[in-house]
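Asker: Encoded as structure tokens, here's the structure I'll be asking about.
The values are calculated or read from the model by the stated rules, or taken from the named source; none is laboratory data. Only a predicted model underlies this, so the values are computations on that prediction, with no experimental measurement involved. Note: ideal-geometry Cβ built from the backbone for every residue, glycine included; neighbour counts use all protein chains shown. SASA here: full protein model, heavy atoms, side chains in, ligands and nucleic acids out. Shrake-Rupley method; radii C 1.70, N 1.55, O 1.52, S 1.80 Å.
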Amino acid sequence: MKKSETKIFVSREPFALECGATLPELRIAYHTYGELNADRSNAVWVMHALTANSDVADWWPHTVEQGKFLDPDRWFVVCANVLGSCYGTTGPLTPLPPCGRPLYADFPQVTVRDMVRAHRLLASHLGIRQIDTLIGSSLGGFQALEWLVSQPEIARRAVLCATDYQCRPWLAAINKAMYMAIEADATYGQPRPDAARKGLEAARAMALLSYRSHSGYDATQADEPGRPDPFTRRAHSYQAYQGKKLADRFDVYSYMRMCQSSDSHDVSHGRGSFAEALGRIKARCLVVSVSSDILFPPSYHDEMAAMIPGAEKGMIQSEFAHDGFLIEHQQLDSLISDFRRRNP
């Protein structure tokens, strides 16, 4: 498959945010794979998770391939980098008019609803009036749900994986612990791209504990027998490595805005009850949980599926917890393929 290049859509119109601030313009980085057919009916829109980018083939291996659920020979696959991120869409490190410099810590907070309104601008630019299959996992699932509720006709089918219809106290508490680690770094708030690097590394190490499970760590981070230093553990180096890995590719201000956007997630806000909000959805939905997920456990998905009209349920069996949706791509491919066959 020919590698897809990053595309940039620019809206010169001011973009008002829910927090009351207004961005003077909006840039959206996105990738496409395959071709839009003549009647524009084969679009598949993927909404990425917290620190991913718009290149689905990069972060979701073995999905944008022939015969897979993002087959570019059959589908016109679109993925857009979300508002507030650092992979090409307007965010804290983006130089903005009129001053032409990044706002860093002064970049305003964005909500999931802000992100979805940006997606809608891009869909209009691409001439997509209806999406065949809308797919979102984790924070991407937050966005997918918001889009399905705010614009019920937008998709024929939807896959909601390892996600939830609200930010519950467990996720909010994890986010707060990360904010505390970041803000404890004395360089937080400084107008430079490498500010609070150590705080970001610590925050990522915290987050990773909610993405995995004890069985996953036991399977992959067990120490060798007879290690010479009883105080040095393989899991220690793994946590440090993962923190550094993120800090090498992400900035702390984008990370804060991404996590804060998840704090804002509540599809019922201004719409009555959760059941009333989710009852608006018209797409045929597949709700997929991961058996060992402690961030969004299967019980959350059971609740969500019960409130979405006609929703089907599926489960990925994995010891890798929340990250199972990324790792167990064969199971997910099978679930989505079967769902499409049942709902042509």
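Asker: May I ask what percent, to the nearest 5, of DSSP beta bridges between residues of the chain are antiparallel? Spell out each step's value before the answer.
Answerer: Numbers: 13 of 37 bridges.
Antiparallel: roughly 35 percent of the beta bridges in the chain.
Asker: OK, next. With a point put 7 Å past each Cα toward its Cβ, work out how far residue 236 is from residue 338 in nm, to one decimal.
Answerer: Simple spin-label model gives 4.5 nm for this pair.
Asker: Could I ask something else about it? If you add up the charges near residue 180, with Lys and Arg at +1 and Asp and Glu at -1, over every other residue whose beta carbon is less than 15 angstrom from its beta carbon, what do you get?
Answerer: In short, -1.
Asker: If each DSSP helix of 4+ residues adds -39,500 (n - 2.57) and the sum is divided by the residues in the chain, what number results at 222 nm, nearest 500 deg cm²/dmol? Intermediate results must be reported in sequence, preceding the final value.
Answerer: On the way: 12 runs with 126 residues, N = 344.
So the helix-based figure for the chain works out to -11000 deg cm²/dmol.
Asker: If packing is taken as the average number of other Cβ atoms within 10 Å across a peptide's residues, how do 108-117, 4-13 rank, most packed first?
Answerer: Highest mean packing first, the order is 108-117, 4-13.
Asker: Same structure again: Positive end of the dipole of segment 196-344, charges at C-beta (+1 Lys, Arg; -1 Asp, Glu), about the Cα centre: which of 291, 258, 274 has its Cα farthest in that direction?
Answerer: With unit charges placed on the Cβ atoms, the residue in question is 258.
Asker: Something else: What's the carbon and sulfur percent of the chain's accessible surface, probe 1.4 angstrom, rounded to a whole number?
Answerer: 53
Asker: Just add up the charged neighbours of residue 18: K/R +1, D/E -1, any other residue whose Cβ is under 10 Å from the Cβ of residue 18.
Answerer: Counting the neighbours of residue 18, the net charge comes to +1.
Asker: Hey, got the dipole for segment 209-319? About the Cα centre, +1 on K and R Cβ, -1 on D and E Cβ, debye to the nearest 20?
Answerer: For segment 209-319, the charge dipole is close to 340 debye.
Asker: If you roll a 1.4 Å probe over the heavy atoms of the protein chains, what accessible area per residue do you get for segment 139-298, in Å²? Kindly include the intermediate steps, with their values, before the conclusion.
Answerer: Working: 6730 Å² over 160 residues.
With all protein chains present, segment 139-298 gives 42 Å² per residue.
Asker: With a ≥ b ≥ c the root eigenvalues of the C-alpha gyration tensor of segment 92-248, is it rounded (a/c under 1.5), prolate (a/b larger than b/c) or oblate?
Answerer: oblate
Asker: Right, another one. Between residue 183 and residue 124, what FRET efficiency follows from the Cβ-Cβ distance if R0 is 30 Å, with the result rounded to 0.05? Provide the component values of the computation, followed by the final result.
Answerer: Numbers: r = 38 Å, r/R0 = 1.28.
Working from the Cβ atoms, E equals 0.20.
Asker: Taking a ≥ b ≥ c as the square roots of the Cα gyration tensor eigenvalues, with a/c under 1.5 meaning rounded and otherwise prolate when a/b beats b/c, else oblate, which class fits segment 18-170?
Answerer: Prolate, because a/c is 1.5 or more and a/b exceeds b/c.
Asker: Give the dimensionless ratio obtained when the Cα radius of gyration of segment 182-223 is divided by 2.2 N^0.38 Å.
Answerer: That ratio works out to 1.56.
Asker: Say the dipole of segment 1-101 comes from +1 at the beta carbon of Lys and Arg and -1 at that of Asp and Glu; which of 30, 88, 56 then lies farthest toward its positive end?
Answerer: Most positive-ward Cα: 88.
Asker: With a cut-off of 8 Å between alpha carbons and a minimum separation of six or more residues, what is the relative contact order of the chain in percent?
Answerer: Numbers: 679 pairs, mean separation 58.8, N = 344.
In percent, rounded to a whole number, it is 17.
Asker: Roll a 1.4 Å probe over the protein chains and send me the accessible area per residue for segment 36-107 in Å². Spell out each step's value before the answer.
Answerer: Numbers: 2680 Å² over 72 residues.
Computed with neighbouring chains in place, this is 37 Å² per residue.
Asker: On a straight-distance basis, which lysines could pair with residue 244 in a cross-link, Cα separation under 30 angstrom, same-chain partners fewer than 8 positions away excluded?
Answerer: The qualifying lysines are 3, 7, 176, 198.
Asker: How big is the dipole moment of the chain about its Cα centre under a simple scheme where the beta carbon of each Lys and Arg is +1, that of each Asp and Glu is -1, and everything else is neutral? Debye, nearest 20, please. Provide the component values of the computation, followed by the final result.
Answerer: Numbers: 37 positive and 39 negative charges, 118 e Å.
Taking the Cα centre of the chain as origin, the dipole is about 560 debye.
Asker: Follow-up. Hey, what's the Cα Rg ratio for segment 223-344 versus the globular rule of thumb, 2.2 N^0.38 Å?
Answerer: With N residues counted in segment 223-344, Rg over 2.2 N^0.38 Å equals 1.43.
Asker: If you add up the charges near residue 248, with Lys and Arg at +1 and Asp and Glu at -1, over every other residue whose beta carbon is less than 12 angstrom from its beta carbon, what do you get?
Answerer: Local charge sum for residue 248: +2.
Asker: Check the straight Cα-Cα distances from residue 313 and name the lysines below 22 Å, setting aside those fewer than 8 residues away within the same chain.
Answerer: The reachable lysines, counting only those whose Cα sits under 22 Å from residue 313, are 68, 282.
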